[in-house]
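Novice: Below you will find the structure I want to go over with you.
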Amino acid sequence: MTRKTKKEKESPTHSANQKVGVERGSLDSIFRPKSIAIVGASRRRGSIGREILHNLIEYEFNGPVFPINPHAEVIHSIKCYPSVLSVPDEIDMAVVVVPKEQAVEAVEECGKKGVKGIVLITAGFKEVGGKGIEREARLKEVIERYGMRMVGPNCMGVINTDPQYRMDATFAPSLPLEGNVGFLSQSGALGAAILDYALDLNLGFSMFVSMGNKVDIGNNALIEYWEHDERTKVILLYLESFGNPRRFTQLAREIVKHKPIIAVKSGRTRAGARAASSHTGALAGMDVATHALFEQCGVLRVNTVEELFDLATAFSKQPIPKGKRIAILTNAGGPGIMATDAVVNLGLHMAQFSDVSVTKMREFLSPEASFSNPLDMIAGANAETYRRSLEIILADEGVDAVIVIFVHPVYVNAQNIAQAIIETGKKQGEKPILCCFMGKKDEFSGIEELQKAGLPTYLFPESAAMALAAMEKYNRIRNRPEGHIISFDDVDRERANRIFTEVRQENRERLTDLEVNEVLAVYGITMPRFIMIKSLEDLVSVSEQLTYPVVLKVISPQIVHKSDVGGVVLDLRNEVELVRGYMRIQDKISRLPFKPVYEIMVQEMVTGGKELIMGMNFDPAFGPLLMFGLGGIYVEFIKDVTFRIMPITDLDAREMVTGLKGYKLLEGVRGEKGVNIESVMDTLGRLSQLIGDFPCIKEMDLNPFVAFPEGEKCMALDARISLHLAQ
C-alpha cells in the first residue's frame, strides 16, 4: 500500500458571487456602524419602525440616528428625512422596515447614498414563494451591484453590546446584557424569546443576529467574523438550514480550537430517505448529515434551546475542565445520587478524594456525613462547611470540576451559602464550579447572586452534569490532532473513468457487478475471486476448476438486494451441492412477479471475520455522505453506523470506526481476536478517494465488508454502485 496525506485546502473567504459589481465590504458596516438610518421609522407605538428607533435610543447608540419617513418631520424628538438621499451626512448602516413592495427600491436608494450595510426587517420574499422569489432575486442583484452587506430580509435585526457602539437594532422588547456570547438565530420570533430568557439567566451577549433569509450574510460569514472578534468567546447557533456545509466544516474546525461553537438544529427528518435504493441511503436522513457535520468539525450539538442555554451559561462563565474527574458537594443524599448517576451515564468519572482531603474534612464535618464522592454534608451544612469543604475539594489534585448542590432547609440562609461558594470560587478560579440550587426560586434563594458572580446555576443536577460533559468533550475536541486527507498513488483513475463514462453514455444508473468489481479493484479494494455463468452446462464445465466452498449469487440489474429474492446460496462444498444450489436459485427467480435478465456468479466463499458495511449516499444539501458500520443483512435494523461528510481525513476515518457502539466487538471480546483496524481505515480512505475522484457517484454499498484479524487483508463480499444520470 502506498499513500500520501495532505492538509485540507482552505477555500476563499468569500464566494464568487460576493465579488459581483464592486468589492464587498466588511461586516463592520453591520455591527460597528458610526451612523444608522431607520428607513420606515414610525410614530405609532407598537410598530416595528418605531420600536427599532426606540431601542437604538434606549440602548444609547453612540452615533447619529436618522429616521426616514416622507410623511413626518420629527419622530421620537429626532428630525426626520423623506429619504436617505436627503440626509446630508454619511450613513454607514440602514435598517429597512418598509412594506415589501417598496423594499427593493428603498435598498437601491441606500446603495446610491453609499450606505455600506443593510438590515432588512421586511418579510415577503423567498419565504412566501411566487413573486417573493422574484423580489428576492432583484434584491440580491441590487446588493451585489452596490457592494453592500446585508442581514435579512425577513429578520428581527442585530445587536452589538460593545460599549463603543451600544447598538440594539431590533424590535425585541428586552434590552440585552453585555457579555461574551455571540448568538445567531434563523428564527426572528425565537430570537425575541431568547433575549428574554437570557435576561433571566443573567447571560450577556457580545452580538446577536437574526439571520432571516440569508440573501447575503449567512452562517459561515458570521462565524468567521466572530472568530476574529475578541469580545466573542462562545458562539451559539440556532439553525434551520445550512448555506455551504463544506465551508462551514472548514471554518468550524479552525474556530473550535479556541472558541466553542454550540448549536441546536431544527428540521430533523427527511421523508425522502425512504425512496433510497441502497442500505446507505435508507440510513442517511437529513439529521444524520447534520450530526455527521457537527461531529466532524467539533461543534457541540444540543437538542433544545433550553440545553443550548444550559451549556452557554457554563461555557461563558467558567474555565474548561482539564479532565473527566467530577466531585459532587451536597447537603442532601438524593440529589447527590441523581448527580452521580448523571455524571457516570454521560461518560464522566467520579473523582476519588485523596486521604489528605478526607482527613481535613473530618475535622469539621458531622460524623454522619458521607466522606466519599458525592460528599454529603447532610442537612445541617451551613455557609462555613460549604466554604471549607469546597476549598479542600478544589485543592485536591484528583478533581477536575465540581458540582455544588444545595437543597433549601427552612433554617439555613441560602444567600449566605451562595456567598460562601462565590468567595471560594474567586480564590481558586482554575477549575469549573457549577451549582444546583433546588427548591424555592425567589429573591432570597441565592440564585441571582450566583448568576451575577458568574457561577452557572441549575434547578436540577442532571443539567449541571450535562453542561460539564459538554465542556469536557470540548476540551478533547480542541486538543485533538489535526486530520489530513488521505491520498493513494497506487490507484488507476483512468481505468475507473472509462467504466463510469461508458455506463453514463449508455444512460444506465447502476453499474453491473462486474463493473463494480473492476472499479473497486483498481482502487485497491479487494473482492473474492469469481466466475460468471449463464447456464447449467456452464456451471458443470467449470465445477472441477473451483476451490470449494463457493457461493452462488444472482446477478441482474433488476435485482438490487439478492438475499431478498432468494438469489444467494452459501457454503456449497461439492459439485452435487453446486447443482442443487443453482436449481434453487432458478426456482426462486421463476417465482418473481417479473422476468429479470440475469447471470449467476460462482464466487469463492470467505468465512470468518466480522461483517461490516461501508457506503456513500448523496445528500442534496450536504453532498456525498460516507458511511461505516456493523453490516450484514440486518444493517437497517441494527443501525450501528457512523457518517462523515466528504472529504474525510485520517482522523475522521479512525473516529468513524471507534465511534460505533459495537466497536468493542472489533477490538475482540470473549477470547476472539480483534480485526485489522488499519486495513479497515485504509479501505475507508480508498473509498473516500474514489468518491472524491468521481462526483458522478450517487450511491454505493460495500455490504458485507468482512474484516479479518491483524495481518490479514479485509475484503468486500458484495458491492453496488449507482450514478447520477448524465445531464
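Read-outs throughout are calculated quantities, based only on the coordinates presented, and are distinct from any laboratory measurement. Quick caveat, the model's predicted, so the values are computed rather than measured. In this analysis, Cβ positions are derived from the backbone assuming ideal geometry, glycine residues included, and neighbour counts consider all displayed protein chains.
Novice: Of Leu199, Leu578, how do they rank once you tally other Cβ atoms within 10 Å and put the fewest first?
Specialist: Listed from fewest to most nearby Cβ atoms, that is Leu199, Leu578.
Novice: Then there is this: Have a look at segment 319-479 and give its Rg and Dmax from the Cα atoms, expressed in angstrom.
Specialist: 14.3, 46
Novice: Here is a further query. For Lys441, which lysines qualify as cross-link partners when the Cα separation must be under 20 Å and same-chain residues fewer than eight apart are set aside?
Specialist: Lys452
Novice: In whole Å, how far is the Cα centre of segment 328-363 from that of segment 55-87?
Specialist: 59 Å
Novice: Helix 100-113 against the longest principal axis of the chain: what's the angle in degrees, Cα atoms only, rounded to the nearest 10?
Specialist: The two axes meet at around 70 degrees.
Novice: Packing-wise, with mean Cβ within 10 Å as the measure, how do 432-438, 571-577 rank, highest first?
Specialist: Sorting 432-438, 571-577 by mean packing, highest first, produces 432-438, 571-577.
Novice: Given [x] 43; [y] 35; [z] 22 as candidate values of percent of Cα pairs over 43 Å apart, which corresponds to the one derived from the coordinates?
Specialist: Identified label for the calculated read-out: [x].
Novice: Any chance you could give the angle, 0 to 90 degrees and rounded to 10, that helix 677-693 forms with the longest Cα principal axis of the chain?
Specialist: Around 80 degrees separate the two axes.
Novice: Explain nothing, just the number: dipole magnitude of the chain about its Cα centre with +1 on each Lys and Arg Cβ and -1 on each Asp and Glu Cβ, in debye rounded to the nearest 20.
Specialist: 820 debye
Novice: If you average the alpha carbon positions of segment 175-196 and of segment 707-725, how far apart do those two centres end up, in angstrom?
Specialist: 48 Å
Novice: Within the set of other residues whose C-beta is less than 13 Å from the C-beta of Gln603, count the net charge using Lys and Arg as +1 and Asp and Glu as -1.
Specialist: Once positives and negatives cancel, what remains is -2.
Novice: A further question follows. Give, as a single signed number, the net charge of other residues whose beta carbon lies under 14 Å from the beta carbon of Leu365, with Lys and Arg counted +1 and Asp and Glu -1.
Specialist: After counting each charged neighbour, the total is -1.
Novice: Highest mean first, what order results for 253-262, 365-374 on Cβ atoms within 10 Å?
Specialist: In decreasing order of mean packing, 253-262, 365-374 become 253-262, 365-374.
Novice: Still on this model: If amide H atoms are built 1.01 Å from N in the plane of the peptide, which residues on other chains or at least 5 residues away come under 5 Å of the amide H of Lys698?
Specialist: It is Ser722, Leu723, His724, by chain and number.
Novice: Next question, about the same structure. Beta carbons within 10 angstrom, averaged per residue: use that to sort the peptides 611-623, 330-342, highest first.
Specialist: In decreasing order of mean packing, 611-623, 330-342 become 611-623, 330-342.
Novice: Okay, moving on. By a straight-distance test (C-alpha under 25 Å), which lysines pair with Lys661 as possible cross-link partners, with residues fewer than eight away in the same chain excluded?
Specialist: Output for Lys661: Lys265, Lys324, Lys473, Lys610, Lys639, Lys673, Lys713.
Novice: Using a simple charge model, +1 on the beta-carbon of Lys and Arg, -1 on the beta-carbon of Asp and Glu, nothing else, what dipole does segment 610-723 show about its Cα centre, in debye to the nearest 20?
Specialist: 180 debye
Novice: Which is farthest toward the positive dipole end of segment 529-603 among Ile600, Val540, Gly567, measuring Cα position about the Cα centre, with Cβ charges +1 (Lys, Arg) and -1 (Asp, Glu)?
Specialist: Final value for the positive-end residue is Gly567.
Novice: Which of the listed residues, Leu666, Ala621, Ser679, is farthest toward the dipole's positive end in segment 610-723, when Lys, Arg count +1 and Asp, Glu count -1 at the beta-carbon?
Specialist: Of Leu666, Ala621, Ser679, it is Leu666.
Novice: I would also like to ask the following. So if I take the centroid of the Cα atoms in segment 543-591 and the same for segment 418-450, what is the distance between those two points in Å?
Specialist: The two parts, judged by their Cα centres, are 71 Å apart.
Novice: Report ³J(HN,Hα) in whole Hz for each residue of segment 526-543, in order, from the Karplus equation J = 6.51 cos²θ - 1.76 cosθ + 1.60 where θ = phi - 60°; Gly and Pro get x.
Specialist: Each residue's phi maps through the Karplus curve to give 7, 10, x, 5, 8, 9, 9, 10, 10, 8, 5, 4, 4, 4, 4, 5, 9, 4 Hz.
Novice: Let me ask something additional. In segment 529-603, what is the count of Lys pairs whose alpha carbons are under 15 Å apart, counting only pairs at least 8 residues apart or on separate chains?
Specialist: Lysine pairs meeting the criterion: 5.
Novice: For Glu575, what is the net charge nearby, where nearby means another residue's Cβ is under 14 Å from its Cβ and Lys, Arg count +1, Asp, Glu -1?
Specialist: -2
Novice: What do you get for the angle between helix 245-255 and the principal long axis of the chain? Use alpha-carbon atoms, 0 to 90 degrees, nearest ten.
Specialist: 60 degrees
Novice: A follow-up question, please. Using the Cα atoms of segment 529-603 to build a convex hull, what is its mean projected area in square nanometres?
Specialist: 4.5 nm²
Novice: Determine which lysines satisfy two conditions relative to Lys126: a Cα distance under 19 Å, and not lying fewer than 8 residues away in the same chain.
Specialist: Leaving aside lysines fewer than 8 places away in the same chain, those within reach of Lys126 are Lys100, Lys140, Lys214.
Novice: Something else now. To the nearest 0.05, what FRET efficiency results for Val128 and Glu240 with a Förster distance of 22 Å applied to their C-beta separation?
Specialist: It comes out at approximately 0.85.
Novice: Return the equivalent ellipsoid semi-axes of segment 610-723 as a descending list in whole Å, where each equals the square root of 5 times an eigenvalue of the C-alpha gyration tensor.
Specialist: After diagonalising the Cα gyration tensor, the semi-axes are 23, 14, 13 Å.
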